[in-house]
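This report refers to the structure that appears directly beneath it.
The values are calculated or read from the model by the stated rules, or taken from the named source; none is laboratory data. Because the structure is predicted, anything quoted here is derived from the model rather than measured. Here the Cβ positions follow ideal geometry from the backbone for every residue, glycine too, while neighbour counts run over all protein chains shown.
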Amino acid sequence: MSALEHSSVTGFKPLLERHGFEVITIKTPGGYLDYDSLERELTPKTQLVCVSLVSNLLGTHQDLPQVVSLVRRLSPQAHIHCDAAQAIGKVAFDLNQLGVDSASFSGHKFRGPRGAGLLYLKSGTLQVASGGGGQEGGIRGGTEALPSIAALNVALEESLTNLEETMTIGRELHALFVKELKELPLFELLSPSVGEFTPFIITISLKGFPGEVFSRILYDRGFCLSSGSACSSNSPKVNKLLFQNASFTPSQAEGSLRISFDRDTTQEDIMALLTALKEESEPLKLKLRR
């Protein structure tokens, strides 16, 4: 698995190890998978490869076709799973072109209901480990939540139909934020501004001050930011490790703030956030000078 996988994936590492599997973590310098490291670790015995299409921490967009090409050549029996929770409505992609064996999606990431998701699975590629009823093709037993499924379908259609317009909005917001952030010397951009990435996720770092504390200050001004990965914001050790895996320093990890945009975010919203960042960091600038 890549070093930037979501906790819903990395959380299975202890379980797999207890069952005798060796779990290898591949480096992700700058948030991008180290393909040379992946190539060195792949063997004919490799059973499973997990890579996120879009990082929930930095917004980096991985080259899945390259991953698939390496795995098919060096580990032809391996199952390739893609965590694509952050992808729908945030980047353009084609599952057929990705070539993965399975991919998972979370409805609430593209305006669908919480607790509903999608699993893309190639026929005959997975032996089901759970029992129960025969619902959902025998993959997951239990009565389906039809209202959630219907709402998920509407949200998915809307996200795909409006993707081009959404991406244009996202790129404009991203460019504005990155440009104006350069005027705030206490803040450092950790997410990429060139290459493959989603414009809707930006992680910055505040120099010399804990991001977790600063996020609470911003919350009082009406802005909801997370300190690093939102799903691990209450676990500093996990966040620190994620940033180290991406070749960032402990101080950059400690000061990290993750910002997420949406198609409804306006340029006025961006400027209001930048104003709050500037005003609330001014007292810190004076302290650092002393």
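Numbers below:
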quantity: Test set (1) surrounded by 13 or more Cβ atoms within 10 Å (Cβ to Cβ); (2) at pLDDT 95 or above; (3) assigned to a helix (DSSP H, G or I) - Leu16 fails condition number; calculated: (2)
quantity: Where Met167 falls short, out of the listed (1) under 19 Å from the mean Cα position of the chain (by Cα); (2) at pLDDT below 95; calculated: (2)
quantity: Index of the failed condition, Ser148 passing every other in (1) surrounded by 16 or more Cβ atoms within 10 Å (Cβ to Cβ); (2) among the small types (Gly, Ala, Ser); (3) assigned to a loop (DSSP other than H, G, I, E, B); calculated: (3)
quantity: Region 155-164: number of residues that are more than 20 Å from the chain's Cα centre (by Cα) and surrounded by 13 or more Cβ atoms within 10 Å (Cβ to Cβ); calculated: 2
quantity: Cβ-Cβ under 6 Å pairs, at least 6 apart or on other chains, region 160-181 side in a helix (DSSP H, G or I), far side hydroxyl-bearing (Ser, Thr, Tyr); calculated: Leu173/Thr265; Val178/Ser193
